[in-house]
Structures are given as structure tokens and as C-alpha cells.
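Below is one structure; the comments refer to it alone.
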Amino acid sequence: MGIDREKVGEITIKFLQQQHNIKNIKVLGFENESWLVEARVRSSSGSSVRKIRVDGKTGNIISVE
């Protein structure tokens, strides 16, 4: 594991701040070499929940749902 829970939170915040106001971020856990993060956000289209998967070695965003 290359990055820790705190670092993945920072990566997620920087990524989401580009298009959203962040209300809450929760790092759910680490599985299959990646971190899963749940974020409650608000944008011009309203409030939503985003699930972000972050590569545990590189810190790259793998997916956003």
C-alpha cells in the first residue's frame, strides 16, 4: 500500500473541489489495491453522493460514480 487513509482523503478533496462543494468525505476502506471513498457533494445540479475509487499505490483516481 503506497498511500494512507489521510492522503487518499486529500487526493479526493482536491479532485472534487474542481466542480463541487464538498459537504462530507468518508474513506470506506481498502480492497483490491484501491481505496473506496464516499463523498457528499453539492453542485449547480444539486446535492449528490459520489463514490470514488483511488489507486492505492499511485493515488490516481480510477473511477467516479
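Every read-out reported here was derived from the displayed coordinates using simple, explicitly stated rules and does not represent laboratory data. Quick caveat: nothing in here was measured; it's all calculated off a predicted structure.
For SER43 and ASP55, calculate 0.36 nm times their separation in residues minus their Cα-Cα distance, and state this gained length in nm to one decimal.
On the way: separation 12, 0.36 × 12 = 4.32 nm, distance 2.51 nm.
My answer for the length gained is 1.8 nm.
For the chain, the longest principal axis of the alpha carbon atoms and the long axis of helix 5-16 meet at an angle near 40°. For the range 5-64, the normalised intensity computed at q = 0.12, 0.17 Å⁻¹ comes to -0.25, -0.48 (log10 of I(q)/I(0), Debye sum over alpha carbons, equal scatterers, no solvent).
Taking 23 Å as the straight-line reach from the Cα of LYS23, the lysines in range (excluding those fewer than 8 positions away in the same chain) are LYS7, LYS14, LYS51.
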